[in-house]
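Notes follow once the structure below has been shown.
No value in this document is a laboratory result; all are computed from the given coordinates. The shown structure was predicted, so the numbers you read here are calculated from the model rather than taken from an experiment. For neighbour counting, all protein chains shown are included, and Cβ atoms are generated from backbone atoms with ideal geometry for every residue, glycine included.
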Amino acid sequence: MATVLLALAVISTGLYAGMMLIFLTGIMPALARLTDGEFVVAMRRINEEVPRGLFLLLFLAEVAFPVAALAVPVDNRSDTQWWLLLAGLICVLVNHLVTVAGNIPLNNALGSSEAAPGSNPDSAVRAAFESRWNRFHAVRTLFAVGGFALIVSASLS
């Protein structure tokens, strides 16, 4: 059972880290090339679609499987494996904290934003969102990828 849980921890953290990385390296750079109006509409649509079924399952699995892998007693688990798994879980939890405290509030603000009268609404909305969201996203991506690498290392030790 412990081996299966560790494998599921590797898979779930890897899938999540991959999604974070593709947003960082592909999706957000592509969206940066859009006009303000196109960017705002695209991000609103992404924020409506992404936090649904499969994403939520992966978002929860990324934490649940490392926790389960740590919780199941293993007779031959080395201290190194335990610490690597714990460090990976901590990285995953920091990723979630950044998501919940940083990116989600910005997503919510974008969804309900209105610019000041007389200004370019899309330009103002984008300016209040894009650079801050990208900074939070870069941090959470770093922790997601780091968590994945640590959990993979735990599975190999």
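Tally Lys and Arg at +1 and Asp and Glu at -1 over the other residues with C-beta under 12 Å from the C-beta of N134: what net charge comes out?
Numbers: positive: R126, R132, R135, R140; negative: E130.
Local charge sum for N134: +3.
How much mean residue ellipticity at 222 nm does the chain get from its helices, if each DSSP H run of length 4 or more adds -39500 (n - 2.57) and you divide by all residues, to the nearest 500 deg cm²/dmol?
Working: 7 runs with 123 residues, N = 157.
Helix contribution divided over all residues of the chain: -26500 deg cm²/dmol.
Report the longest stretch of the chain that contains none of the trypsin sites (Lys or Arg not before Pro) sitting in a DSSP loop with at most 14 other Cβ atoms within 10 Å. Walk me through the numbers before you get to the answer.
Numbers: sites that count: R33, R52.
The answer is 53-157.
Taking the chain as a Gaussian network, Cα atoms linked when under 10 Å apart, which of A61, A124, A69 shows the biggest mean-square fluctuation?
Looking only at A61, A124, A69, the largest GNM fluctuation is found for A124.
At R0 = 41 Å, how high is the FRET efficiency between V72 and A138 if r is their beta carbon distance? Nearest 0.05 is fine.
Numbers: r = 34 Å, r/R0 = 0.82.
So, using R0 = 41 Å, E works out to roughly 0.75.
For region 24-72, what mean projected area does the convex hull of the alpha carbons give, in nm²?
On the way: hull surface 17.4 nm².
The number I arrive at for region 24-72 is 4.3 nm².
Rg to Rh ratio, the chain, alpha-carbon atoms and Kirkwood radius? Intermediate values should be presented prior to the final figure.
Values: Rg = 18.3 Å, Rh = 16.8 Å.
Reported Rg/Rh (Cα atoms, Kirkwood Rh): 1.09.
On full extension of the chain, what length is gained from S123 through V100, given 0.36 nm per residue of separation minus the C-alpha to C-alpha distance? Walk me through the numbers before you get to the answer.
Details: separation 23, 0.36 × 23 = 8.28 nm, distance 2.51 nm.
Extending this stretch completely gives an extra 5.8 nm.
Quote the charge dipole size of the chain about the Cα centre in Debye, to the nearest 20; the model charges only the Cβ of Lys and Arg (+1) and of Asp and Glu (-1). Intermediate values should be presented prior to the final figure.
Details: 9 positive and 10 negative charges, 20 e Å.
Approximately 100 debye in magnitude.
Sort out for me the Cα centre separation of region 71-88 from region 31-53, rounded to whole Å.
About 40 Å separates the Cα centre of region 71-88 from the one of region 31-53.
Please compute the length gained on full extension between D36 and W83, using 0.36 nm multiplied by the number of residues separating them and subtracting their Cα-Cα distance. Mind showing how you got there, number by number?
Working: separation 47, 0.36 × 47 = 16.92 nm, distance 4.55 nm.
Gain on stretching D36 to W83: 12.4 nm.
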